[in-house]
Amino acid sequence: MHPLLLPLLLSPLLTHALPTPQNQPGTFPPTGDGTYAGGIFSISLTDLPRYIPPGPDGGTETPRADGQRTSGSGPYPAQMTTDPTLPGHTIFAPRTPPAGNISLPFIAWGNGACVLNPTQYQNLLTEIASYGYVIAADGTPNGSSGTEQQSKVQDMRESLDWAVAGKAAKYGNVDVQKITTAGHSCGGLEAMSTAYRDPRVKRIMMFNIAIFQDEKRYLLQEIKVPVAYLIGGKSDMGYENSAKDYARLNPGLPKLRANLDTGHQGTFRATNGGKQGKAAVAYLEWQWRGNMTARDVILKPESPGSLVKDNWVVESANWDLV
Ligand SMILES: *[C@@H]1O[C@H](CO)[C@@H](O)[C@H](O)[C@H]1NC(C)=O
Ligand SMILES: *[C@@H]1O[C@H](CO)[C@@H](O)[C@H](O)[C@H]1NC(C)=O
Ligand SMILES: *[C@@H]1O[C@H](CO)[C@@H](O)[C@H](O)[C@H]1NC(C)=O
């Protein structure tokens, strides 16, 4: 498949309805659901070609190809599993609840093209989980990777509802005060749409994506929590858009935008999710466990193993460095 076809974003339904009355500049929809895959920050499949920048998608950074399956490099060997209490989803979590009853932040994940199968992110998500996180991803390991049916905000919200209801307790001491929504491409837009006016969500992570349409950027006013963009450099369809969104976020909001020359497909499939896996873990460990060494990896180019030393171009603002 052509790489640009992989992240096709939306539902074949509702193709000619943009902008809907709900996303006219100055009007704020009551929830992030919208009418199609990925929610109010996403785009219709029909409109997508108009917004994808010209030129080939790709990058020089390696490795990006399929790596080894591991149980992650963190202290809590992790696995992908399914759970009958959360149908239509996949869980990534430590194999056994970590000793000492440590608290586990929760992440709801959305896939590229909003497909209902997260297995292409297995390496990344297992890596994160191995540091002591419980992740509920849209879709099942046996789900379709096609776009005939796609995830919506409601799918990610079901993950939040599940965790908040205590149904993730079998994986350990899940801390529902520490909820992140995250995703790749359409799944990232879904993560932002899910966070829209949902105070349960405390962090948003956007992988290789940002808002496509200039006329929808005003909706960022309703984003009140820190946003991290991990983007694939100039050939990534998220490159220009993430620069615009980064500039447009509410004044004072802590924000991060880091680019690595991977193109839109990132390093997810590499062993332990490659450099995106490392960056994601460092960001999360800083945010949720106050690990200042991990913070320095992100923010301080001179620190050992910094993102900049890994070839990332890092922009950040409004983090308290004291
Ligand atoms: C784990 O810690 C939580 C509070 O963080 C507490 O509610 C729970 O009872 C503890 N579980 C065990 C098995 O100690
Ligand atoms: C796919 O996996 C889910 C979760 O394990 C299961 O409930 C469902 O029956 C499976 N569907 C098929 C078609 O195998
Ligand atoms: C903090 O992060 C650093 C760098 O990511 C890591 O090497 C270290 O083990 C972490 N410390 C703790 C206590 O988790």
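Computed quantities for the displayed model
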quantity	calculated
Sites excluded, GluC sites (Glu not before Pro) in DSSP loops with at most 13 other C-beta within 10 Å, longest stretch of the chain	149-301
Proxy reagent accessibility, fewest Cβ within 10 Å first, across D214, D175, D155	D214, D175, D155
Kirkwood Rh in Å, taken over the range 28-85 so that all alpha-carbon pairs contribute	16.7 Å
Computed log₁₀ I(q)/I(0) - Debye formula, equal Cα scatterers, no solvent, the chain, q 0.08, 0.13, 0.16 Å⁻¹	-0.31, -0.87, -1.40
Dipole magnitude (debye, nearest 20) for the chain, charges at Cβ of Lys, Arg, Asp, Glu	540 debye
Kirkwood estimate for the range 129-263, i.e. one over the average of 1/r between Cα atoms, Å	15.7 Å
Share antiparallel - DSSP beta bridges, the chain, percent rounded to 5	35 percent
Mean-position separation - Cα centroids, the range 187-252 and the range 123-148, in angstrom	21 Å
Residues V225, V313, V201, sorted so that the one with the fewest Cβ neighbours within 10 Å comes first	V313, V225, V201
Charge dipole of the chain about the Cα centre (unit charges at C-beta), most positive-ward option of V281, N208, A137	V281
Diffusion constant of the range 252-322 at 20 °C, which comes from Stokes-Einstein with the Kirkwood Cα-pair radius and 1.002 mPa s, µm²/s	172 µm²/s
The range 280-322 versus the range 81-98: alpha-carbon centroid distance in Å	29 Å
Burial ordering of W319, W286, W109, fewest other beta-carbon atoms within 10 Å first	W319, W286, W109
Cα gyration tensor, the range 56-154 - rounded (a/c under 1.5), prolate or oblate	oblate
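Each reported figure results from applying straightforward, stated rules to the coordinates on display, with no laboratory input. Everything numeric in this text was worked out from a predicted model, so none of it was measured. Methodologically, a virtual Cβ is constructed for each residue, glycine included, from the backbone with ideal geometry; neighbour enumeration extends over all protein chains shown.
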